[in-house]
Amino acid sequence: MTPNVRPLVAGNWKMNGTRDSLDQIKAISEGVKGDLSEKVESLICPPATLLYVATALCEDSPLWIGAQDCHQNASGAHTGEISADMIADCFGTHVIVGHSERRTDHAETDHLVRAKAIAANAAELTAIICIGETADERKSGQTLDILKRQLAGSVPDDANAENTVIAYEPVWAIGTGLTPTSENVAEAHAFMRAELTRRFGDEGAKMRILYGGSVKPSNAKELMSVDNVDGALIGGASLKASDFLAIYNAYSEILA
């Protein structure tokens, strides 16, 4: 953890969830009520089809609702796309940009991710900017070089601790069940903290850096206790309220 930084536990539902899944969001919204919510923020990013109704369900809950991507333009002839303003219009508060699945499946570049983050901030959304190395890049010793390049290219120059969250997701750990060691995570997060502080000063020192990649109830406490890990971006485990809340409630022990 980073001293004096409020952690964030976020769930990325990816292309999962229908109206039947709203019961899980409702259960999460109820489960995060209580004293811990004053110390730890929580967020679910469902598919866009559920965004508006999910925000309505969570109106009286500390649970934030966000989106999984946005277009870099505010409007226009971009069939099938969703703008940051549209997300804000549905009362969304955050948007994930640059997820490795977007970078791989849609060939998104650092430059495009930066443009999307700028659009998100212009709509007063918090951008969760994802970065991370592939298995081949880690094996060849390029991890820190990749993180340095992606941070420099993907994070806008006017980013601050309020409008930007960084999510470190080793590509090889996403959905595979493989998880880096605590030492691996500590090294990567310490490097990112140093880069952010060098570039943004005090704002970089306070900017939240989440860990993502096969986070589950059994390893959440260990991972979220690592220095400079300020929460988690959770994939599959966020689809079930019981799993998400178990990860979220790990902070009851960490912060005790």
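The values are calculated or read from the model by the stated rules, or taken from the named source; none is laboratory data. In this text, all values refer to a predicted model and were calculated from it rather than measured experimentally. Because the Cβ atoms are built from the backbone with ideal geometry, glycine has one as well, and the counts that use them run over all protein chains shown.
Looking at this structure, is residue 36 surrounded by fewer than 21 Cβ atoms within 10 Å (Cβ to Cβ), among the hydrophobic types (A, V, I, L, M, F, W, C) and either in contact with a Leu (Cβ under 7 Å, 6 or more places away or on another chain) or free of Cβ contacts under 8 Å to residues at least 12 places away in the same chain (or both)?
no
Among the conditions (1) of a type in the set (A, V, I, L, M); (2) surrounded by fewer than 16 Cβ atoms within 10 Å (Cβ to Cβ); (3) modelled with pLDDT of 95 or more, the only one that residue 256 does not satisfy is (3).
Can residue 249 be described as closer than 23 Å to residue 63 by Cα, touching a Ser or Thr at 6+ places or on another chain (Cβ under 7 Å) and surrounded by fewer than 21 Cβ atoms within 10 Å (Cβ to Cβ)?
Numbers: closer than 23 Å to residue 63 by Cα: yes; touching a Ser or Thr at 6+ places or on another chain (Cβ under 7 Å): no; surrounded by fewer than 21 Cβ atoms within 10 Å (Cβ to Cβ): yes.
Answer is no for this residue.
Taking first residues from the stretch 182-209 that are under 13 Å from residue 165 (Cα atoms) and partners that are assigned to a helix (DSSP H, G or I) and among the charged types (D, E, K, R), the Cβ contacts under 7 Å between residues at least 6 apart in sequence or on separate chains come to 209/193. The set of residues from the stretch 204-226 being under 18 Å from the mean Cα position of the chain (by Cα), not in a loop (DSSP other than H, G, I, E, B) and not aliphatic (A, V, I, L, M) comprises 204, 206, 208, 211, 212, 221. Yes or no: the stretch 124-140 includes at least one residue that is closer than 24 Å to residue 162 by Cα and surrounded by fewer than 20 Cβ atoms within 10 Å (Cβ to Cβ). So far as the stretch 124-140 goes, yes, one or more of its residues are closer than 24 Å to residue 162 by Cα and surrounded by fewer than 20 Cβ atoms within 10 Å (Cβ to Cβ).
Criterion first (in contact with a Phe, Trp or Tyr (Cβ under 7 Å, 6 or more places away or on another chain), of a type in the set (Val, Ile, Thr) and under 15 Å from residue 232 (Cβ atoms)) does residue 5 satisfy it? When the stated conditions are applied, residue 5 does not pass them. You will find that of 204, 231, 213, the residue that is under 19 Å from residue 95 (Cα atoms) and modelled with pLDDT of 95 or more is 231 and no other. As for the stretch 39-60, it holds no residue that is farther than 25 Å from residue 80 by Cα, under 18 Å from the mean Cα position of the chain (by Cα), in a helix (DSSP H, G or I) and not aliphatic (A, V, I, L, M).
Please go through the stretch 24-38 and pick out each residue that is among the small types (Gly, Ala, Ser) and either modelled with pLDDT under 95 or outside any helix (DSSP H, G or I) (or both).
Matches in the stretch 24-38: 34 only.
Checked against the criterion of being at positive phi, within 17 Å of the chain's Cα centre (by Cα) and not β-branched (Val, Ile, Thr), the stretch 71-86 contains not a single residue that satisfies it.
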